[in-house]
Amino acid sequence: MKKGYIVLIAIAVIILSIFFWFKNTYNSMVASRENVTAQWSNVENQYQRRLDLIPNLVNTVKGYAAHEENTLTDVVNARAKATQMQININQLDETTMKKLNQAQGELSSALSRLMAISENYPNLKANQNFLDLQAQLEGTENRIAVERRKFNETARQYNASIQQFPRNILAGMFGFTAKPYFEANAGAENAPKVEF
């Protein structure tokens, strides 16, 4: 009779151990995925901040550099394209990330050209509103870089956790998939050309 109880207790301990391992593993993967989602929201928040600054910047420049219409149009079009990119974190993959990087890269390029215009217009360069917007935009660009770096780190931790054995079995069973990383835009390895 005692042997029967010992066997039942041993089986119960094994079953409970397996249950708690599954529960803890699953819950930690969910927590990691939620960290990636939260960090993605931080990236989107900074992108939105930049998008919100652009109309004020364009209007300020427009008053001083009306004949720079092509550059202003490029900025407005790049902003519109970036605004149209609606990305669901649950459907984030390499292709979507490349499209996002391309749209944001085009916007950054157009903004760089817009900022370069100020060199040709001393009154614009001295305008306090323009200087404030320029400082805010520079700060936002730095925040974007920081949030993208944090996203990559969070995604790396999540990706590593779902690919480790035996977690990868559980991850596959419940649909946990790897998240892509932000990568440098094409040509970012080349130093910008500065001419005086």
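See the values below:
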| read-out | value |
| --- | --- |
| Residues located in the stretch 90-123, provided they are outside any helix (DSSP H, G or I) and under 15 Å from residue 57 (Cα atoms) | 121 |
| Failed condition for residue 61, given (1) closer than 20 Å to residue 162 by Cβ; (2) surrounded by 18 or more Cβ atoms within 10 Å (Cβ to Cβ); (3) among the β-branched types (Val, Ile, Thr) | (1) |
| Filtered residues of the stretch 124-179 (kept if polar (S, T, N, Q) and either outside any helix (DSSP H, G or I) or in contact with a Leu (Cβ under 8 Å, 6 or more places away or on another chain) (or both)) | 127, 134, 136, 140, 164, 177 |
| Complete set of residues in the stretch 1-32 that are charged (D, E, K, R) and modelled with pLDDT under 95 | 2, 3 |
| Qualifying residue in the stretch 64-78 (condition: surrounded by 12 or more Cβ atoms within 10 Å (Cβ to Cβ) and touching a residue at least 60 places away in the same chain (Cβ under 8 Å)) | yes |
| Given (1) assigned to a helix (DSSP H, G or I); (2) surrounded by fewer than 17 Cβ atoms within 10 Å (Cβ to Cβ), index of the condition residue 87 fails | (1) |
| Flag for residue 79 being charged (D, E, K, R), in a helix (DSSP H, G or I) and within 14 Å of the chain's Cα centre (by Cα) | no |
| Among (1) out of contact with any Lys or Arg (no Cβ under 9 Å at 6 or more places or on another chain); (2) in contact (Cβ under 8 Å) with a residue 12 or more places away in the chain, the one test that residue 7 misses | (2) |
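The values are calculated or read from the model by the stated rules, or taken from the named source; none is laboratory data. The model shown is predicted, which means the values in this text are computed figures rather than measured ones. Cβ sites come from the backbone with ideal geometry, for glycine too, and all protein chains shown count toward neighbours.
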